2 protein chains.
Amino acid sequence: MVNQRADIGWQSSKSDSSGVSNSGESSKESSRCSTPVLDADRTDRLRDKMKRRIESGDRWFSLEFFPPRTAPGAVNLISRFDRMGSGGPLFIDVTWHPAGDPGSDKETSSMMIASTAVNYCGLESVLHLTCCNQTKEKITAHLNKAKRLGLKNIMALRGDPIGKDWVEEDGGFNYATDLVKHIRCEFDDYFDICVAGYPTGHPEAESYEDDLRHLKEKVDAGAHFIITQLFFRAETFLKFVKDCRAIGITCPILPGIFPIQFESPLFAQGYHSLRQLVKLSKLEVPEEIMQVIEPIKDNDAAIRNYGIQQAVEMCKVLLASGEVPGLHFYTLNREVATMEVLRQLGLWAEDPRRPLPWAVSAHPKRKVEDVRPIFWASRPKSYIYRTQDWDDFPNGRWGNSSSPAFGELTDYYLFYLKSKSPKEALLQMWGEELMNEESVYEVFTNYITSQTNRNGHKVMCLPWNDDPLAPETNLLKDELEKVNRRGVLTINSQPNINGKPSSDPIVGWGPAGGYVFQKAYLEFFTSSENVTALLQVLKKYEPRVNYHIVNVQGRNTTNAHDMQPNAVTWGIFPGREIIQPTVVDPVSFMYWKDEAFALWIEQWAKLYEDESPSRMIIQYIHDNYFLVNLVDNDFPLDSCLWQVIEDMFTLLDSPPETQKD
Amino acid sequence: MVNQRADIGWQSSKSDSSGVSNSGESSKESSRCSTPVLDADRTDRLRDKMKRRIESGDRWFSLEFFPPRTAPGAVNLISRFDRMGSGGPLFIDVTWHPAGDPGSDKETSSMMIASTAVNYCGLESVLHLTCCNQTKEKITAHLNKAKRLGLKNIMALRGDPIGKDWVEEDGGFNYATDLVKHIRCEFDDYFDICVAGYPTGHPEAESYEDDLRHLKEKVDAGAHFIITQLFFRAETFLKFVKDCRAIGITCPILPGIFPIQFESPLFAQGYHSLRQLVKLSKLEVPEEIMQVIEPIKDNDAAIRNYGIQQAVEMCKVLLASGEVPGLHFYTLNREVATMEVLRQLGLWAEDPRRPLPWAVSAHPKRKVEDVRPIFWASRPKSYIYRTQDWDDFPNGRWGNSSSPAFGELTDYYLFYLKSKSPKEALLQMWGEELMNEESVYEVFTNYITSQTNRNGHKVMCLPWNDDPLAPETNLLKDELEKVNRRGVLTINSQPNINGKPSSDPIVGWGPAGGYVFQKAYLEFFTSSENVTALLQVLKKYEPRVNYHIVNVQGRNTTNAHDMQPNAVTWGIFPGREIIQPTVVDPVSFMYWKDEAFALWIEQWAKLYEDESPSRMIIQYIHDNYFLVNLVDNDFPLDSCLWQVIEDMFTLLDSPPETQKD
């Protein structure tokens, strides 16, 4: 009559429904659930995520990228990770290019790109690894490095010889199977392993059947799932799956989807290179496709539209077959076609539920992290970089962080912190020549309003914000414009929120059925004259408003406790402890202060010649302005922070004798 | 222009205003503030608390008690600690009675009474210790034990010889000064030390001046403050303070106040014993007092009223003098006179601000504790007892508790868990003879309604609640009555609260300027028939309602995560992280379940003869009923828990075929 255990009712969405296995895992790790485990996707291994989705019937997609050739290319690819990551891929994978020093620390290496995807973009990532032309020791070193960087998944490939035919190597590997065995032997169960499948047989295989047997060997050696080479007909893949199942391959098999397009690097010579590629890969482009392409071969847009349509139709057949749990896309580092296919299939998550208000890093060490200082809200990659050496991450209460030291941020050209805009574009946005401090106020104001500046350029970013205003900040647009115009140069803010549903499209985050809250927050640079008046005004707002006011030398004026953080964002959810993901922390504010002031010089002043008036204006602001943050603790009431600023201006405008009292 | 540090504005009440010194102390302990430090009173040493209050001008009071002679006397005294503790004493002190085995583990020993006050009643406590007739080793052993029990303050006294004149002892101490030196020598700065002052000179001292010099020696040896012997004229004390200051005694000097009363143990023979006491203590009862007392000496009430009036007037003079930071009361274990004096002086905190919704233990090990399971809400002393061996206490997040094991609770006669009511009273309340299960429902219902039962007795307590309904539970009275009448036997509940001010007289807690929240909670015993219907009904309330349903064998049916606690009380305060002081924790619920079921037998069934029908009824309930807890996660809406129960009854009342679907 009474069941030992009823449904896991607190997990409302299908994809979250296997809390049992998840809780089983955590109980192995410790006797208590010491982490919020906001969603299992954050802590599960890739194979478990697949398993859960297969069980629940939720389809997924994944995206393949190759490493860029240049540092600016890397900056662009990381932005693409952020944009395509927002569509909700189950994982991305990064190919291994033996010619490109793939295991090095170069910002363009396969290793570093995959690591960046995990650590800075929060994407579950699979690193390709080929064994061709490499010693066992070298392979082991690569794997150790991958592990150290937080990578947990490897696509084990033989790889192609460089410029010559395959030669067996002593002390090396000859087949992907050997690599799979090696990974399992040296790293036990640590990595999830993927292997390649060839729906029409590997080009070098003796026969289709022979290739299937090799695939079975790879899986038996310890691979967890298969991604196939691209193909152009659903039935090709479905027959392949049937044949795999027939010989006892039971793991997930993901179809490799390639929406036909020409304007990708692989198709530099357009239509003709498609013929070339097809020939090399022993791929048969079906006659019906060739017949459509031939007449439009010089029209890139038409080709792409056809490629999208063809991919969508094939994917629909695949998904309808019931044999396909997820689709793997060969993006060729392009966005448009893949995103369009996914949108038409209904797989692109336009507004994926955020587990926390900030993007969670996918590094396994950070899986418990659920509190961060608000200061880095617009520079999360910098925060991740500066805390990468922490042993523990705060969980539940900021004060519990056992590693408060922030790493130095001396190299402002760190590639994942670099502005997406080149110097010329920055000068167009921020001014080729500054006349005075007011020119700077204008830049801030134009950024807020998204209006073009006097030279006709939109200000799309600021040194502290590499992206346009967040939708949430947009709620404060009018007020922000007003104060920036008068020299209250805002770099971070949030409205107060008194219990909106966690599903709210703008401010919502966390599991379904919850409520989110915020205290109003405002952070800005302003002149010392303004600060004098502000301090006078703030007396009236005790104890409602907490403030920190600091200049570049670090003189900190505050009415807050020295060590006590102030929670400014929190959420209440069914069946959970409270989550408070952002705090105003007095200690880390002093680290942020250094970074915030340095950005004036590193990102802005240095655009101009030494000793130039423009540079001296920025230098003056850097040397003389204060960085201020304000929290209105009374979150159920309308924010009083605008009134605080208004009062400051009123005091400044009043006759001197009034200012004394 | 800009000050290094402005006012500590987030601390709103005067007595909290020295956050600087507090934060200074915590920064010595660690580089981060890892505890909520809800108020400095919780973590500061007694001497620091005094210092802060002296600086802020806030007056305090303290209360002296002597250990009881009998175990029932101890139970009564502990209740008195709870009642008098609610008035907000800065500390209490417990006298040392050499004849009563004061350092033993007996429940009536000075040591155990002081320990209980600290650990179970959350009172800052001073343990008296006399050195007369004791070896150094014995003294050290007492001090070590006191330290182990969480005591941090010692009143160092010479003490009086037992039944004979003072004889100097080898290897012992002859003066309180020696004891002070010994404590500082052996325990460095661990203990705060108090010594006695004699406003009219010690009865055995050579002279008043000689006695003052001795006092100076005691202070110089390391005492932190002085409490004086009682006196009857303000000027006696004020002259004493002046003389102390003149010879360089700078520490706080607290006047010992004794509101004259006869019905105390010391005055068993009334008026005549006052003369005796006065003679022994070399106290001069002023002529004007004697003149008033003489005519009313046979009227206890009149004497007490006079004593109150006399004490109030004297205290007013003392407080007005500016020399008196706090008043020390010789309560003689009586409540009425002291409380009345304090009320008239405006020092009695009728509604002291609660730092947390539950009473905080004063044991230094527990100072960071700020989360507890809701289950022990009415049995906090049991919770403290069962977790006394924990090394860490949860701080911020329940899951962080590193010591989840609860101690066994086998001895239900543990004196601080014993019911205040004797067996006869319990039988009158709970029924000399039970007819059936409905008789039990009636007891629960009468407890809720505070109505007299059919034998004319009010049900003032239940095995799970030793006190009448809390004001907060009273908010739910009508609903509770309705469901108890039908066999939903509630033992714990709280209403939902959506952001009431922290100053709310009923549900408020924590620092000023905050907001408190609750999820509705209901916990009850009910029959297995009811549980069957309830489980059917609960399906409709997924995922809004979380439940745990368990019988005495421990079969747990739940829709909650195995390990994830559900926060059901939390508060948001200016300049702080979120506090979530109560959770529904699945793991500790299983420990509570054992205790909750055992109370049926230990506290109720055992009132009746073996094999008696009454006993068998309770035994049947114990064996067959389920313990259920329900949480309504949707705290901003009206609680749906009553509707859940209503639906359960509706289903039970409907024809059998309807029940199936």
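Once both labels are positioned 7 Å from their Cα atoms along Cα-to-Cβ, the gap between B:Lys145 and A:Asp391 label points is 4.0 nm. This ranking places B:Ser639, B:Ser321, A:Ser378 by how few other beta-carbon atoms lie within 10 Å of each, fewest first, which gives B:Ser321, A:Ser378, B:Ser639.
Once the Cα-Cα distance is subtracted from the 0.36 nm per residue extended length, the A:Ala405 to A:Ser421 segment shows a gain of 2.7 nm.
Label-point distances for B:Arg555 to the equivalent site in the other copies, using a point 7 angstrom along Cα→C-beta, read 7.3 nm when ranked shortest first. Within the shell defined by Cβ-Cβ distances under 14 Å, the residues around A:Asp466 carry a net charge of +1, with Lys and Arg each +1 and Asp and Glu each -1. Mean projected area of the Cα convex hull of region B:68-125, taken over all directions, amounts to 3.5 nm². Ranked by the mean number of other Cβ atoms within 10 Å of their residues, highest first, the peptides A:44-50, B:221-227 fall in the order B:221-227, A:44-50.
In region A:553-661, the inverse of the mean reciprocal separation of distinct Cα atoms equals 17.6 Å; this is its Kirkwood hydrodynamic radius.
When the label point is put 7 Å from the Cα of A:Asn305 along its Cα-to-beta-carbon vector, which residues of region A:325-367 have a backbone N closer than 20 Å? Counting only backbone N, you get A:335-345. Here region B:179-226 was treated as a single set of alpha-carbon atoms; its pair distances binned every 5 Å from 0 give 5, 24, 27, 19, 13, 8, 3 percent. Relative to the current alpha-carbon distance between B:Glu609 and B:Asn624, full extension at 0.36 nm per residue lengthens the span by 3.3 nm. Here the average projected area of the convex hull drawn through the C-alpha atoms of region B:443-556 stands at 9.2 nm². Computed from Cα positions, the angle between helix A:19-29 and the longest principal axis of chain A comes to roughly 80 degrees. Taking every C-alpha pair closer than 8 Å and separated by at least 6 residues, the mean separation divided by the residue count of region B:553-661 gives a relative contact order of 15 percent. Stretching B:Cys185 away from B:Glu438 to a fully extended chain increases their span by 84.6 nm, per 0.36 nm per residue minus the current alpha-carbon distance. Peptide B:388-397 shows a mean partner chain C-beta count of 3 within 10 Å per residue C-beta.
If R₀ is 51 angstrom, what is the calculated FRET efficiency for the pair B:Asp105 and B:Glu646, using the beta carbon separation as r and rounding to 0.05?
0.50
Shielding by partners for peptide A:537-546, expressed as the average number of C-beta atoms from other protein chains within 10 Å of each residue's C-beta, is 4.
I need the fraction of alpha carbon pairs in the protein assembly as shown separated by more than 63 Å, rounded to a whole percent.
Result for the distance tail: 25 percent.
For chain B, the longest principal axis of the alpha carbon atoms and the long axis of helix B:234-246 meet at an angle near 70°.
A crude spin-label estimate for the pair A:Lys500 and B:Val336, with each label 7 Å from Cα along the Cβ direction, gives 6.1 nm. Taking the number of Cβ atoms within 10 Å of each Cβ as an exposure proxy, the fewest-first ranking of B:Ile249, B:Ile296 is B:Ile296, B:Ile249.
Which listed residue (A:His97, A:Gln388, A:Ile308) has the Cα farthest towards the positive end of the charge dipole for chain A, taking +1 on Lys and Arg C-beta and -1 on Asp and Glu C-beta about the Cα centre? The Cα lying farthest towards the positive end belongs to A:Ile308.
Give the peptides A:589-596, A:80-87 in descending order of average Cβ contacts within 10 Å, highest first.
A:589-596, A:80-87
I want the local charge near B:Tyr190. Using Cβ-Cβ distances under 10 Å, sum +1 for each Lys or Arg and -1 for each Asp or Glu among the other residues. Local charge sum for B:Tyr190: 0.
Beta carbons within 10 angstrom, averaged per residue: use that to sort the peptides B:509-519, B:572-582, highest first.
B:572-582, B:509-519
The per residue volume of the convex hull around the alpha-carbon atoms of region A:57-186 is 114 Å³. Rounded to the nearest 10 degrees, the angle from helix B:586-599 to the longest Cα principal axis of chain B is 80 degrees. Across the options A:Leu332, A:Gly499, A:Ala598, the greatest Cα extent toward the positive end of the charge dipole of chain A (unit charges at beta carbon of Lys, Arg, Asp, Glu) belongs to A:Gly499.
Take B:Arg148, push a point 7 Å out from Cα through the beta-carbon direction, and compare it with the same point in every other copy: 4.9 nm, smallest first. The relative contact order of chain B comes to 11 percent, based on Cα pairs under 8 Å that sit 6 or more residues apart.
Put in line by how crowded their Cβ is, counting other Cβ atoms within 10 Å and starting with the fewest, B:Phe393, A:Phe240 read B:Phe393, A:Phe240.
In terms of its Cα atoms, chain B spans 95, 70, 46 Å along the principal axes, sorted from long to short. Net charge dipole, chain B: roughly 1220 debye, given to the nearest 20, about the Cα centre with Cβ charges of +1 for Lys and Arg and -1 for Asp and Glu.
In chain B, the DSSP-assigned H stretches of four residues or longer account for a calculated mean residue ellipticity at 222 nm of -11500 deg cm²/dmol, using -39500 (n - 2.57) per stretch and the full residue count as denominator. Within region B:198-212, list the residues whose amide N lies under 12 Å from a label point set 7 Å along Cα→Cβ of B:Lys239. In region B:198-212, the label zone of B:Lys239 (backbone N under 12 Å from the point 7 Å along Cα→Cβ) covers B:199-201, B:208-209. Averaged over the residues of A:564-574, the number of partner chain Cβ atoms lying within 10 Å of the residue Cβ comes to 6.
Every read-out reported here was derived from the displayed coordinates using simple, explicitly stated rules and does not represent laboratory data. Quick caveat: nothing in here was measured; it's all calculated off a predicted structure. Cβ: placed from backbone, ideal geometry, glycine included. Neighbour counts: every protein chain shown.
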